[in-house]
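A short worksheet on the structure shown next.
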Amino acid sequence: MDEIQLLIFRISDQSFTIPISRVARVVDTLQSRSFPLLKDKFEGLFIFENKLIPIIKLADSLGFQGSNIYYTNLDESVVIINYDGYYFGFRVDAIEGIKKVKDEDIKPVDPDVQFLNGIDPAFISGFTESDGQTIFSVNTEKLLVYTLAN
Amino acid sequence: MSSFKSTPTQIKGFHRLLVFEVGSKRLATPVDIVRTIADLEESMLVLSDSESQDTSDTRAKINLVDLLSLYFPEEIGNQSDEKKLIVLKSDGTRLNGIIVDRVYGVGSFSDLFPVPDGIFKLPDGVITHIITTEEPWFEVVNIQKIIEINSLQEQRQLHG
């Protein structure tokens, strides 16, 4: 059985995961630079390892409209993703840890469901359960494709 | 196989750029593409026959693009008489230029950061780099690309 390592993070009261193989770095709070002509789903840009990295408003994309995660939380972090050489980041409320799960422990999301605990399932590829809590897996590729296209 | 272009890295060294303003936006473009800069006088301009945004200098027949109306319609342009015409170098018979609100001058800037694809509301290739050595950061634009896009749009409109 193949195992996969996941980074667990929290936005508001909900936990999410992404494969740790996609994570380039987790950095403490940083202020991104806003540009009026950036697409609406981007919060801003910042420099990481000599590259200009766009920060995606993940909380907004997942349906946390009006979320107060920005600029208010001392525990917040920015997760930087390396998707086949294309770097982008998103802000999270807190990093909760790393977890190993078996492939079969990640269950698919019902394609007919419209909301998962109030979350838009468009960028959710599956979920795991831990201590009675549901943890959603974010599909970083879909998130990036959609954000760049809109 | 990923369809994403890898995020480009910083370009080291010094780059000579012409810095100008459109509305409240400070922008820059490589100075080596610029042929001349002139005051923009109302008397120079007559509206072309088409309904495009272009105007023509009746003496030099310069094809002009008004950056403000094209990309920054929400901005209020400079109402004073500081508007400038930036004419680009050309290999052919047709000269191209852009109208800007103010020209700051030419400067050397280090450490340009190339812009990854797909992040701006404008077509890819219009904003090429970000200058981070000055506050606030500002964008380097490819004026040739803007003129190319504008010409294509005009041709499409003309041919229905």
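The values are calculated or read from the model by the stated rules, or taken from the named source; none is laboratory data. If you're wondering where the values come from, they're calculated on a predicted model, not measured in any experiment. Counting neighbours? That spans all protein chains shown, and the Cβs are built from the backbone with ideal geometry, glycine included.
Picking from B:Val126, B:Val115, B:Val140, which residue would you name as being buried (at least 17 other Cβ atoms within 10 Å of the Cβ), within 14 Å of chain A (Cβ to nearest Cβ) and either of a type in the set (Ser, Thr, Tyr) or touching a Lys or Arg at 6+ places or on another chain (Cβ under 9 Å) (or both)? Outline the logic, then answer.
Details: B:Val115 fails: either of a type in the set (Ser, Thr, Tyr) or touching a Lys or Arg at 6+ places or on another chain (Cβ under 9 Å) (or both); B:Val140 fails: either of a type in the set (Ser, Thr, Tyr) or touching a Lys or Arg at 6+ places or on another chain (Cβ under 9 Å) (or both).
Of the residues listed, the single one that is buried (at least 17 other Cβ atoms within 10 Å of the Cβ), within 14 Å of chain A (Cβ to nearest Cβ) and either of a type in the set (Ser, Thr, Tyr) or touching a Lys or Arg at 6+ places or on another chain (Cβ under 9 Å) (or both) is B:Val126.
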Being at pLDDT below 90 and within 20 Å of A:Ile55 (Cβ to Cβ) is the requirement here; does A:Asp120 meet it? yes
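Just give me the residues in region B:21-41 being away from chain A (no Cβ under 13 Å) and closer than 21 Å to A:Leu38 by Cβ, in sequence order. Break it down stepwise before answering.
Of the residues in region B:21-41, the ones away from chain A (no Cβ under 13 Å) are B:21, B:28-41.
Passing the criteria: B:Glu21, B:Ala28, B:Thr29.
Conditions tested, residue by residue: (1) aromatic (Phe, Trp, Tyr); (2) in contact with a helix residue (DSSP H, G or I) (Cβ under 6 Å, 6 or more places away or on another chain); (3) within 14 Å of chain B (Cβ to nearest Cβ).
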residue	(1), (2), (3)
A:Pro111	no, no, no
A:Gln114	no, no, no
A:Ala122	no, no, no
A:Phe127	yes, no, no
A:Gly132	no, no, no
A:Phe136	yes, no, no
A:Thr140	no, yes, yes
A:Leu144	no, no, yes
A:Thr147	no, no, yes
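So which strands (runs of 3 or more DSSP E) are wholly in region B:78-160 and hold at least 2 residues that are under 18 Å from B:Leu18 (Cα atoms) and aromatic (Phe, Trp, Tyr)? Before the answer, list the steps.
Numbers: elements: B:84-88, B:95-100, B:102-114, B:127-131, B:138-141.
Where strands (runs of 3 or more DSSP E) fall fully within region B:78-160 and carry at least 2 residues being under 18 Å from B:Leu18 (Cα atoms) and aromatic (Phe, Trp, Tyr), they are B:102-114.
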For region B:1-35, enumerate the residues that are outside any strand (DSSP E or B) and in contact with a Leu (Cβ under 6 Å, 6 or more places away or on another chain). B:Gly23, B:Val31, B:Ile33
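Do we find a residue being under 28 Å from B:Phe72 (Cα atoms) and of a type in the set (Lys, Arg) anywhere in region A:37-47?
Initially, region A:37-47 is screened for residues under 28 Å from B:Phe72 (Cα atoms), giving A:37-47.
Next, from what is left, pick out any that are of a type in the set (Lys, Arg): A:39, A:41.
Yes, that holds for at least one residue.
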Among the residues of region B:109-135, count how many are in contact (Cβ under 8 Å) with a residue 40 or more places away in the chain and out of contact with any Leu (no Cβ under 8 Å at 6 or more places or on another chain). 4
Please count how many residues of region B:12-33 are in contact with a strand residue (DSSP E or B) (Cβ under 9 Å, 6 or more places away or on another chain) and surrounded by fewer than 17 Cβ atoms within 10 Å (Cβ to Cβ). 7
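Could you please give the count of residues in region A:6-58 that are under 27 Å from A:Lys102 (Cα atoms) and small (Gly, Ala, Ser)? So that I can check it myself, show each step before the final result.
Step one: list which residues in region A:6-58 are under 27 Å from A:Lys102 (Cα atoms), which gives A:6-26, A:58.
Next, only the ones that are small (Gly, Ala, Ser) stay: A:12, A:15, A:21, A:24.
Residues flagged as under 27 Å from A:Lys102 (Cα atoms) and small (Gly, Ala, Ser) within region A:6-58 amount to 4.
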What do you reckon, is B:Val46 in contact with a helix residue (DSSP H, G or I) (Cβ under 6 Å, 6 or more places away or on another chain), in a strand (DSSP E or B) and modelled with pLDDT under 90? no
Within region A:95-113, is there a residue that is free of Cβ contacts under 8 Å to residues at least 60 places away in the same chain and surrounded by 19 or more Cβ atoms within 10 Å (Cβ to Cβ)? no
Filter region A:4-63 down to the residues that are of a type in the set (Lys, Arg) and under 23 Å from B:Ile130 (Cα atoms) and list them by number. A:Arg25, A:Arg33, A:Lys39, A:Lys41, A:Lys51, A:Lys57
